[in-house]
1. Out of (1) part of a strand (DSSP E or B); (2) among the hydroxyl-bearing types (Ser, Thr, Tyr); (3) over 16 Å from the mean Cα position of the chain (by Cα), what's the single condition that is false for B:Tyr121?
2. What pairs come out if I take residues in segment B:20-41 that are within 11 Å of chain A (Cβ to nearest Cβ) and pair them with residues that are open to solvent by 60 Å² or more (accessible area, probe 1.4 Å) and of a type in the set (A, V, I, L, M, F, W, C) whose C-beta lies under 7 Å away, six or more apart or interchain?
3. When you check B:Val59 against the structure, is it within 14 Å of another protein chain (Cβ to nearest Cβ), open to solvent by 70 Å² or more (accessible area, probe 1.4 Å) and either within 16 Å of the chain's Cα centre (by Cα) or modelled with pLDDT of 95 or more (or both), yes or no?
4. Just wondering, is there one or more residues in segment B:40-56 that are surrounded by 19 or more Cβ atoms within 10 Å (Cβ to Cβ) and small (Gly, Ala, Ser)?
5. Just for segment B:111-130: of the residues that are more than 12 Å from chain A (Cβ to nearest Cβ) and of a type in the set (A, V, I, L, M, F, W, C), which one is surrounded by the fewest Cβ atoms within 10 Å (Cβ to Cβ)?
6. Please find, within segment B:131-157, the residue that is surrounded by the fewest Cβ atoms within 10 Å (Cβ to Cβ) out of those that are in contact (Cβ under 8 Å) with a residue 40 or more places away in the chain and not in a helix (DSSP H, G or I).
7. Looking only at residues in segment B:90-110 that are at the interface with chain A (Cβ under 8 Å from one of its Cβ atoms) and more than 12 Å from the chain's Cα centre (by Cα), which one is modelled with the lowest pLDDT?
8. Residues of segment B:42-56 being free of Cβ contacts under 8 Å to residues at least 24 places away in the same chain and in a loop (DSSP other than H, G, I, E, B), which ones?
Amino acid sequence: MARIGKEQETITVTPEPVPEREPATAPERAPAAPDTPREPVPA
Amino acid sequence: VPRRRTEPERRTIMLPGGTEYVEGVVGYRAWGVHVESGVATLRSVVMTKHSWTPGAPVVAECAWGGEARHPAPASGCDCGVFGFSLASLAYQAFPERTTLHGEVILWGTIRLHEFGYRAEYAIPAALYLPEPLVSSESRAAHQRIASLAADRYDVPLVQRPRGLVAYR
């Protein structure tokens, strides 16, 4: 085809699958702080 | 050996259906536009009976080989979906006032030529009217047809293609 000139090389361009999104999940709750004995409060 | 003026411009698009994407080669080309009852259809300028279907890639077939048909685009043949590497080259090849120009994304097997490409798959990405084709008298009619086509093929109607310096 004269309009696009001489053929030079060939490439192959292949479609890729769209990566699936991770399902949205609620953030994990921070672990509860361990119970610590309270200091006795002076009366 | 003649060299291409530029390395192929690439653009990533989501393909129809939304499950695949491709980093395709950007080509520039012209279409004839057939308007009937307010519906605009893009037709190949060379293969004038071939219409482009909205929302679907064009899949190249060889119409030149007769019984010796082969997968398109074949090396040494004239088959495949054509695109120029620069918008100015598409304008210089098709400066007729009856044409609408645009960007296409090409993928699959692509034969790289000095000034353009022949590809296995193509889909329009944008449409535009080269300014030299549009006179002040014809501007409104041109714009109306271009808008109909842009709406039907769900692509933007842009003022100028990206990166264009001059049409000539």
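The values are calculated or read from the model by the stated rules, or taken from the named source; none is laboratory data. If you're wondering where the values come from, they're calculated on a predicted model, not measured in any experiment. Ideal geometry is used to build each Cβ from the backbone, glycine not excepted, and the neighbour counts take in all protein chains shown. We work out accessible area using only protein heavy atoms, side chains counted, and drop any ligands, DNA or RNA first. Shrake-Rupley method; radii C 1.70, N 1.55, O 1.52, S 1.80 Å.
1. (3)
2. The qualifying pairs are B:Tyr21/B:Met14.
3. Yes: the conditions hold for B:Val59.
4. Among the residues of segment B:40-56, at least one is surrounded by 19 or more Cβ atoms within 10 Å (Cβ to Cβ) and small (Gly, Ala, Ser), which makes the answer yes.
5. Only one residue fits best here, namely B:Ala126.
6. Looking at residues that are in contact (Cβ under 8 Å) with a residue 40 or more places away in the chain and not in a helix (DSSP H, G or I), I get B:Asp154.
7. Looking at residues that are at the interface with chain A (Cβ under 8 Å from one of its Cβ atoms) and more than 12 Å from the chain's Cα centre (by Cα), I get B:Ala93.
8. Scanning segment B:42-56 gives B:Met47, B:Thr48, B:Lys49, B:His50, B:Thr53.
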